[in-house]
Amino acid sequence: MGASAVTRHLRDISSKSFVARKRELAGIASVTDAAGRGRGGALLVLGDAGIGKSTLIDEAAARLHGWRVLRATGVEFESELPYAALHQLCAPLLDHRAGLPAPQRRALDTVFGLHAGATPSPMLVGLAVLGLLSAASRRGPVICAIDDVQWIDAGSRQVLAFVSARVATDRIAMVFAARDAAPVPELGRLPALTVGALTDSEALTLLRYRTPLGPEAAIVQRVLSEAAGNPLALVEFARDAGPFGLPGDATAGTVERRFASRFLRLPAPTRAVLALAAAEPTGDLALLRRAMAIQGLDAADLAAAEDSGLVVAGPRVHFRHPLARSAVYRSSSARVRRRAHAALAAGTDATGDPDRRAWHQANAISGPDEETAAELERSAGRAQRRGGFAAGAAFFERAARLTPDRSRQARRLLAAARERLASGAPSLARELVDEAERLRPDQADRHAARLLRAMIDYHVTRSIPATIALIDAADGVGPDEVRETYLEAFASLMFSVDEPGRLRRLALHIRERVPRRQPPRPVDLLLQALVEQNLRPVDEAMPVMRRTVDAFRERARAPDADPWWMERASVLSVDLGDSDAMEEITDRQVELARAQGAYAILPHALRFQAVARTIVGRFADAELCIIEARAVDEAAGTSNLVGSDLMLAAWRGDAARFREIREKLRGWVGVNPTALHYANGVLCNGSGDHETALDALLLVRDQHRAGAYTVTAFHHELVEAAAYVGRPEEAKESAVWIGAVAQGNPNAWTTGAHLLACALLDQGLGAQDHYRSAISRFADSRMRVHYARARLLYGEWLRRVGRRTEARVELRAAHDLLATIGARGFAARAARELDALGEPTLVDDADPLAGLTARELLVARKVASGAGTKEVAALLFVSPRTIDAHLRNLYRKLGISSRRQLRELLR
């Protein structure tokens, strides 16, 4: 019987087991049926090797008429090659790249090696793959069948897990198969379908389709007992059984050993072809033939390999089962495997696929070889650029194993450790550092190993002791290499209040340890500014703070600017009272993070943008930033601090929301209590509870005096609270600080704040001139909420001195603007003042958007501003069809039917 006939016959036999698989088929059908109706989903099929997972999925896919079937299969030997499985799945869809947003298109081009580019994040790659599948599903439903997930590379698994969570509104079904859920934690949230063993009666039914066993009850019982309900084992044992029963070794072990036994009985040339096929997981038939020619093998040998029933040769060569591949590879001698890899390396195009060629070369040698190690190191660099950190680590590690020189071997192990840390595997990174240190590296590499070990501990715990250890480890490394390490330490210690003086000591340490670089980069100036800000009075620190902000502002305008550390520069701009720089830097950081797919920094950037917009009184825009930041967190599975949410709630006067967020933050590591006290001060000043506000703000001042990092805007709030409770002496220090900033960096915001502080602390009628001047200065700035508050304070002062008519004008203007901005606490305070003057206010609580969910609100505002469906989908990490569903829902809630009506409503 020919190979194709054997294959068809065995497939027919296996299909008989579907009689016993109705439940499993129904489970897959429930997912595909829903996907066909536009409610996509995913399923994880679990079961032992040979239990029938692949056949079950094949049968389910075969029943889907008019569907696009996309496949990918994990292969044990290429589990470290970056995005290998993803390329299998997406290769038929690459024509759809043209319709993707540019960042997504570039990400796919980079990870698939089509073009060189910056390293994309897995989330950006996931969004691009979601876009490809969504585009394909518009032409017809799509099923993605991903087999042997336990062997799929980490990058592909991460991306496919991301996509599987976002197909709910698309005609996409994703079915994953794995032997065990433990090796694939990324898919742990998916519903699972476990495929169990056949019962004895079901197994007997299947077995009877193989006549050679005959009626011999003893033989049948031996086969049933040995196969233990495994369909593949039943088929394999029935395949060779004759009238005298099974061969002696057939029942001696596992199915894999059965495949190995068959392989070892084949002629040497046939075994050589199978060894080549097992060593080349892509199944590239042209490459296999080139390697065969190098070994002196021909088409007859390939035909014999196919006749063995272990492989099927079509456009690609594939083994009948992964166990057959592993059995062949492991049963081949080390010498045969090395010869196979050498032939495959020689047959692989060095230009078209240099990484696979290097991988084969590495497996073709048995001892140290610097030339091959260097080629693997270059492959590691290419993997880094494609975002394959795990793959980069594997290449570096393999290069280290082949490196003759111990010092160079240690350096490559440390490089592998860095990649393991970047891939999210700190324990593996620590093991590689241990191995590098055992090689007794030179002094520079010892210091590098110590710093890397400290970085691993810091990234795992983010604790104060780990931060201190990181600082200590940085002392042994050159100053040019550790500036960003010190910035990391600064960022960590800023949120420590258990020992506030620590930050100041770090600043002293850095000033003594790190020489100033000439010419300085923006990041160098940032470190210097943080040092000076913690060691010098504000007026002396302001020149370098100004230079830093200007440098970041200038650098941010470049198309390839790095978004990292921009949020710290935006904080400096707040300390300087430069609202233009604050908004420009935060907006640009978000823009760059989005464009570059820097999703590690994007949620932080969005929250700093929310703070900047809150400060100037753009509360609705700030809320959109926070909603988008949450979407990034949900997509990445991370949880960031919610300080921006707290500040927005305080400025809005939303006491219930403020308390809810404060409770969530209770006990969180890394939360700076001074930020909570500052926000509480804003909330209480807004409601008119100045006593409570002052108590909270004095706590901030005490921490500030002790050297802790504080929100410098607390000075403005403290002056108001102290003046209103009759304790102006508590505000003198803050008034001096505000004056120093206004003198060192005079602009509408800083000068207006200084004049307002003077007005609040002036006990006489001279306060009027200060109030008027402050209002005039704020009117020339972007600080709408501060302008409105200045008019509120002036109106309250006018009422206190008996000038009721003038007070009404100021209070009415303040109330209307504060209500428009959404500062409900301050607006209510103005309303109470107007009531006391006999001029009640009309409150319109009707908000047409109140019934929308947070995501619907974001979609509504983005679409109304002119954003397209694909653009909004990218912001929320969903498919365009999901955005269409959100639009339908919000149209229904708002009683409208078009984008034009939405724009008119929100206008």
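Dividing the summed helix terms, -39500 (n - 2.57) for each DSSP H run of n ≥ 4, by the number of residues in the chain produces a 222 nm estimate of -20500 deg cm²/dmol to the nearest 500. The mean accessible area for residues of region 371-500, using a 1.4 Å probe and ignoring ligands and nucleic acids, is 43 Å² per residue.
Using a probe of 1.4 Å on the protein chains alone, the accessible area found for residue 869 is around 30 Å². Bridgeable lysines around residue 870 (alpha carbons under 30 Å apart, same-chain partners fewer than 8 residues away excluded): 862, 893. For region 60-117, the dipole from Cβ point charges (+1 on Lys and Arg, -1 on Asp and Glu) about the Cα centre works out to 360 debye, to the nearest 20. On a 0 to 90° scale, report how tilted helix 443-461 is relative to the longest principal axis of the chain, with both axes built from alpha carbons and the result rounded to the nearest 10. With rounding to tens, the tilt is 80 degrees. Normalised by the number of residues in region 15-149, the mean separation of alpha-carbon contacts (under 8 Å, six or more apart) gives a relative contact order of 29 percent. Once the Cα atoms of helix 854-864 and of the chain are each reduced to a long axis, what angle between those two axes, in degrees from 0 to 90 to the nearest 10, is obtained? The two axes meet at around 80 degrees. Computed on the Cα atoms alone, the convex hull of the chain gives a volume of 179 cubic angstrom per residue. Taking every alpha-carbon pair in region 257-402 and binning the separations at 10 Å intervals from zero gives 12, 39, 32, 15, 1 percent.
Accessible-area rank, largest first, for 727, 888: 888, 727, with all protein chains present and a 1.4 angstrom probe.
Annotation: amide H-H contacts under 5 Å for residue 311 (H modelled 1.01 Å from N, sequence separation of 5 or more, or interchain): 320.
Taking the Cα centre of the chain as origin and assigning +1 to Lys and Arg Cβ atoms and -1 to Asp and Glu Cβ atoms, the resulting dipole is close to 1880 debye. Here region 456-604 has 51 percent of its accessible surface on carbon and sulfur atoms, given a 1.4 Å probe and all protein chains in place. Put 862, 53, 893 in order of accessible area, highest first, and with a 1.4 Å probe you get 893, 862, 53. Candidate cross-link partners of residue 22 among the lysines, defined by an alpha-carbon separation under 17 Å and a same-chain spacing of 8 or more, comprise 53. By how many degrees, between 0 and 90 and to the nearest 10, does the Cα long axis of helix 479-493 differ from the longest principal axis of the chain? For helix 479-493, the angle is close to 70 degrees. Each residue was assigned an accessible area with a 1.4 Å probe, and for residue 151 the value is about 50 Å².
Rounded, prolate or oblate: which fits region 713-862, taking a ≥ b ≥ c as square roots of the Cα gyration tensor eigenvalues, rounded meaning a/c under 1.5, else prolate when a/b beats b/c? Because a/c hits 1.5 or more and a/b fails to exceed b/c, region 713-862 counts as oblate. When a 1.4 Å probe is rolled over the protein heavy atoms, the share of accessible surface on region 55-166 that falls to carbon and sulfur comes to 49 percent.
Over the chain, Cα pairs under 8 Å with separation of 6+ residues give a relative contact order of 9 percent.
Sorting 737-746, 876-885 by average packing, meaning the other beta carbons within 10 Å per residue, from highest down gives 876-885, 737-746. Here the chain carries DSSP beta bridges of which approximately 20% are antiparallel, counting only pairs with both residues inside. What shape does region 649-732 take by its C-alpha gyration tensor, where a ≥ b ≥ c are the square roots of the eigenvalues and a/c under 1.5 counts as rounded, a/b above b/c as prolate, and the rest as oblate? The shape class here is oblate. Each residue of region 647-653 was assigned a 3J(HN,Hα) from its phi angle through the Karplus curve 6.51 cos²θ - 1.76 cosθ + 1.60 (θ = phi - 60°); the sequence is 5, 5, 4, 5, 5, 6, x Hz, with glycine and proline shown as x. Entry comment: accessible area of region 521-618 is 33 Å² per residue, from protein heavy atoms only and a probe of 1.4 Å.
Projected label points at residue 439 and residue 727, each 7 Å from Cα along the beta carbon direction, are separated by 6.3 nanometres. Positive end of the dipole of the chain (Cβ unit charges, origin at the Cα centre): among 814, 314, 380, the Cα lying farthest that way belongs to 314.
Mean sequence separation of contacting Cα pairs (under 8 Å, at least six apart), scaled by the length of region 753-906, corresponds to a relative contact order of 13 percent. To the nearest 10, the accessible area of residue 891 is 40 Å² with a 1.4 Å probe.
Computed over protein heavy atoms with a 1.4 Å probe, the carbon and sulfur contribution to the accessible area of region 760-907 reaches 48%. Amide hydrogen proximity for residue 68: with H placed 1.01 Å from N in the peptide plane, the residues at 5 or more positions away or on another chain lying under 5 Å are 142, 143. For region 64-186, just say rounded, prolate or oblate: build the C-alpha gyration tensor, square-root its eigenvalues into a ≥ b ≥ c, call rounded for a/c under 1.5, and beyond that prolate if a/b exceeds b/c, oblate if not. It is oblate, given that a/c is not under 1.5 and a/b is not larger than b/c.
Summed over the residues of region 747-790 and divided among them, the accessible surface reaches 41 Å² per residue at a probe radius of 1.4 Å.
Considering only 632, 711, 684, and ranking their Cα positions along the charge dipole of region 615-753 that arises from unit charges at the beta-carbon of Lys, Arg, Asp and Glu, the one farthest toward the positive end is 711. Placing a label point 7 Å from the Cα of residue 511 along the Cα-to-Cβ direction, the residues of region 707-734 with a backbone N closer than 17 Å are 707-709.
The values are calculated or read from the model by the stated rules, or taken from the named source; none is laboratory data. It should be emphasised that the depicted structure is a prediction, and the values quoted were computed from it without experimental measurement. All Cβ positions, glycine included, derive from the backbone under ideal geometry; neighbour counts span all protein chains shown. Ligands, DNA and RNA are excluded from the accessible area calculation, which covers all protein heavy atoms including side chains. Shrake-Rupley method; radii C 1.70, N 1.55, O 1.52, S 1.80 Å.
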